[in-house]
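Engineer: Got a structure for you, written out below as structure tokens; questions coming shortly.
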Amino acid sequence: MEYRAMAAKDMTERALQEKVIRLARSLGWLVYHTHDSRRSVKGFPDLVLVHPKRGLLWRELKTMKGRLSAEQVEWLTELEAAGQDAAVWRPDQWVSDEIAKELGL
């Protein structure tokens with residue numbers, strides 16, 4: 001368990017994103033990520049994942065210490081209020097296989 005905690009603590013957001021995208025695509029998900037968000041609406045979630053049987057997921061990715069901006073909180077809150085599956089994924093959820101389970105592995 002110690003190794004998993006260390007792996008989560010040291011994982012960057014980019015590394016988490018690459019792992020999530022690779023797994024999601026291998027499981028049949030369509031994945032959208034805005035590669036250059038400088039001209040996009042602030043706070044829009046990092047990933048939009050679509051699966052014909054599992055539905056639609058809106059996910060913000062953060063490191064273990066990463067904090068959500070006010071705009072990110074607003075987007076996630078409004079998406080949830082609209083009945084969408086919107087949440088934050090962090091590295092500890094990757095190493096515990098929680099993300100893999102949500103994606104259907």
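Bear in mind these aren't lab numbers, they're just calculated from the coordinates by the rules spelled out. What you are looking at is a predicted structure, and each value in this text was computed from that prediction instead of being measured. Here the Cβ positions follow ideal geometry from the backbone for every residue, glycine too, while neighbour counts run over all protein chains shown.
Engineer: Does Thr34 qualify as being β-branched (Val, Ile, Thr), surrounded by 12 or more Cβ atoms within 10 Å (Cβ to Cβ) and closer than 18 Å to Pro91 by Cα? Steps first, answer last, please.
Structural biologist: Numbers: β-branched (Val, Ile, Thr): yes; surrounded by 12 or more Cβ atoms within 10 Å (Cβ to Cβ): yes; closer than 18 Å to Pro91 by Cα: no.
No; evaluated as a whole, the condition is false for this residue.
Engineer: Go through (1) part of a strand (DSSP E or B); (2) touching a residue at least 24 places away in the same chain (Cβ under 8 Å) and name the single condition Leu16 misses.
Structural biologist: Unmet condition: (1).
Engineer: Within segment 56-77, which residues are among the charged types (D, E, K, R), surrounded by fewer than 18 Cβ atoms within 10 Å (Cβ to Cβ) and in contact (Cβ under 8 Å) with a residue 12 or more places away in the chain? So that I can check it myself, show each step before the final result.
Structural biologist: Applying the first criterion (among the charged types (D, E, K, R)) to segment 56-77 yields 59-60, 62, 65, 67, 71, 74.
Now narrow it down to the ones that are surrounded by fewer than 18 Cβ atoms within 10 Å (Cβ to Cβ): 62, 65, 67, 71, 74.
Passing the criteria: Lys62, Glu71, Glu74.
Engineer: Looking at Glu80, Glu102, which one is surrounded by 14 or more Cβ atoms within 10 Å (Cβ to Cβ), touching a strand residue (DSSP E or B) at 6+ places or on another chain (Cβ under 8 Å) and not aromatic (Phe, Trp, Tyr)?
Structural biologist: Numbers: Glu80 fails: surrounded by 14 or more Cβ atoms within 10 Å (Cβ to Cβ).
Answer to the check: Glu102.
Engineer: Within segment 37-55, which residues are surrounded by 13 or more Cβ atoms within 10 Å (Cβ to Cβ) and free of Cβ contacts under 8 Å to residues at least 24 places away in the same chain?
Structural biologist: Restricting attention to segment 37-55, the residues satisfying the condition of being surrounded by 13 or more Cβ atoms within 10 Å (Cβ to Cβ) are 43-51, 54.
Within segment 37-55, Val48, Val50 qualify.
Engineer: For segment 80-105: of the residues being assigned to a helix (DSSP H, G or I) and acidic (Asp, Glu), which is farthest from the chain's Cα centre (by Cα)? Working first, answer last.
Structural biologist: Looking only at segment 80-105, we keep the residues that are assigned to a helix (DSSP H, G or I), and these are 80-81, 91-95, 98-103.
The next check asks that each one be acidic (Asp, Glu); those that pass are 80, 92, 98, 102.
Working: Glu80: 15, Asp92: 12, Glu98: 12, Glu102: 11 Å.
Selected residue: Glu80.
Engineer: Name every residue in segment 25-60 that is farther than 15 Å from Glu71 by Cα, touching a helix residue (DSSP H, G or I) at 6+ places or on another chain (Cβ under 6 Å) and in a loop (DSSP other than H, G, I, E, B), in order of residue number. Show your work before the answer.
Structural biologist: Going through segment 25-60, the residues farther than 15 Å from Glu71 by Cα turn out to be 25-36, 47-57.
From what's left, touching a helix residue (DSSP H, G or I) at 6+ places or on another chain (Cβ under 6 Å): 27, 31, 49.
Within segment 25-60, Leu27 is the sole residue that qualifies.
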